[in-house]
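**Q** Provided herewith is a single structure, encoded as structure tokens, for subsequent inquiry.
The values are calculated or read from the model by the stated rules, or taken from the named source; none is laboratory data. Since we're looking at a predicted model, the values are computed, not measured. Neighbour counts run over all protein chains shown; Cβ positions are idealised from the backbone, glycine included.
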Amino acid sequence: MARPRVVITGLAGLSPLGLDMATTWDRIKAGESGIGPITLFDATEYDSKVAGEVKDFDPTRYVSAKQARHMDRFTQFASAAGSMLMEDSGFVVTPENERSTGVIMGVGLGGLRTIEIYQEKLLKSGPNKISPFMIPMLISNMGPGELGIKFGIKGPNFVTTSACASASHALGTAYSEIVLGRIRACISGGCEATVTPLGVAGFTALKALSTHFNDNPTMSSRPFDRDRDGFVIGEGCGLLMLERLEDAQARGAKIYAEVVGYGASCDAYHMTAPEPNGTGMEWAMRNALQDAGIAPEAIGHINAHATSTKQGDVIETRALKKVFGDHAKNLHISATKSMTGHLLGAAGGIEACFTALALKEEIIPPTINLENPDEECDLDYTPNKANHVACEYALCNSFGFGGTNASIVLKKWTD
């Protein structure tokens with residue numbers, strides 16, 4: 001018996017490039033940067049003073065002012081993106097499908113700003129001044145929980161937390177649940193809002209963030225470039241509606257792309273550093289290709305994890321060469337974090353949206369700020385300008401602290 005086919009029928013997101021997917025995607029294709037000085041808090045004393053912030057976001061467009069006050073920013077993002085996703089997909093929750101529809105979302109750190117605010121209040125005013133909403137605001141599963149409550153979705157509802165691979169693992173899990181026949185549709189992707197004092201301080205202490213371009217923020221995220229000096233922290237949300245093909249066709253839904261493979265692995269090497277030979281990354285990609293039932297040579301486009309760190313970009317390049325061999329030189333690779341910054345637990349969600357749109361519109365997004373390629377990064381990263389190329393299959397990579405790796409394979413949809 002053939003396993004169910006899974007298609008993407010909706011895309012939605014908020015990012016440093018825009019408050020909706022259409023605006024974000026247009027700016028991605030144009031090679032524009034959404035990175036600027038940190039404004040969400042006073043970063044004067046911080047070594048890294050730049051971030052990819054979601055500008056001019058008003059949660060009361062999607063929830064009441066009272067509801068917004070009782071949500072951390074990451075949950076506000078999820079609620080907004082969820083509303084846009086339901087509109088884009090045309091999916092309607094009914095008594096007939098409410099239990100066969102799920103919400104599986106990736107969140108890396110959850111309500112970090114809520115923790116900061118209430119820790120300060122605890123120290124200043126004591127335990128009796130802590131709000132009963134504090135715990136519901138900070139727990140990471142409140143992102144998918146909000147969407148379940150908002151739309152009456154009663155199927156599986158949970159969060160995957162695996163650092164910067166969180167959203168890709170969520171997508172892979174949602175896809176797998178549909179393939180296994182446990183559900184028929186699922187909202188998936190990821191959200192994150194950790195451009196906060198503690199978040200930036202913590203990543204700065206790890207020497208992970210860019211610090212050399214504080215006076216020129218749009219140049220600070222530069223994957224594969226010789227002068228890269230760390231990633232740029234970002235925030236936002238990227239969600240996808242996944243459905244069984246037969247259900248999508250029955251309701252006449254538009255289809256962006258098909259999900260055909262998922263692979264995961266662990267480096268089993270170090271808390272924060274990737275394994276130097278890229279073995280874990282390699283096996284996540286190989287597992288995804290095997291799940292899709294395709295040869296490496298079938299892949300035309302890759303949205304790379306490519307955070308703009310010294311180690312990570314070189315090691316991902318090594319892994320790509322190991323998986324794709326001579327075909328690696330033919331790959332059309334994009335590092336969209338050069339424009340959005342690194343959305344941490346939400347990265348795989350927004351980047352899967354970009355990958356689906358790249359297949360649909362036959363456009364390879366650029367890697368901006370690639371002025372002087374690292375000698376060890378010698379593949380085609382689509383420098384600085386989008387390229388018009390038709391591809392049948394694309395791969396989206398996400399790797400994270402703890403040595404966790406995830407890869408998703410998408411296929412171009414043709415009627």
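**Q** Which of the residues spanning segment 159-197 are over 15 Å from the mean Cα position of the chain (by Cα), within 28 Å of residue 232 (Cα to Cα) and not in a loop (DSSP other than H, G, I, E, B)?
**A** 197
**Q** Only one residue in 122, 85, 112 is under 22 Å from residue 21 (Cα atoms) and not β-branched (Val, Ile, Thr), so which one is that?
**A** None of the others qualify; the one that does is 85.
**Q** Right, another one. Considering only segment 127-156, state which residues are closer than 28 Å to residue 184 by Cα and in contact with a Lys or Arg (Cβ under 8 Å, 6 or more places away or on another chain).
**A** Selection gives 148, 154, 155, 156.
**Q** Another one. Tell me whether segment 129-136 contains one or more residues that are more than 20 Å from the chain's Cα centre (by Cα), in a helix (DSSP H, G or I) and modelled with pLDDT under 95.
**A** yes
**Q** Return the residues of segment 363-415 that are of a type in the set (Ser, Thr, Tyr), farther than 20 Å from residue 221 by Cβ and either free of Cβ contacts under 8 Å to residues at least 24 places away in the same chain or not in a strand (DSSP E or B) (or both); say none if nothing qualifies.
**A** 414
**Q** In the set 360, 322, 337, which member is farther than 24 Å from residue 190 by Cβ and outside the structural domain of residue 210 (by TED's automatic domain parsing)?
**A** None of the other options fit; the residue is 322.
**Q** I'm checking my understanding of the structure. Among residues of segment 110-128 that are within 24 Å of residue 192 (Cβ to Cβ) and among the small types (Gly, Ala, Ser), which one is surrounded by the most Cβ atoms within 10 Å (Cβ to Cβ)?
**A** Looking at residues that are within 24 Å of residue 192 (Cβ to Cβ) and among the small types (Gly, Ala, Ser), I get 111.
Results for (1) crowded, with 24+ Cβ neighbours inside 10 Å; (2) farther than 24 Å from residue 86 by Cβ, shown as yes or no for each residue.
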position: 172; (1), (2): yes, no
position: 176; (1), (2): no, no
position: 181; (1), (2): no, no
position: 186; (1), (2): yes, no
position: 191; (1), (2): yes, no
position: 198; (1), (2): no, yes
position: 201; (1), (2): no, yes
position: 207; (1), (2): no, yes
position: 211; (1), (2): no, yes
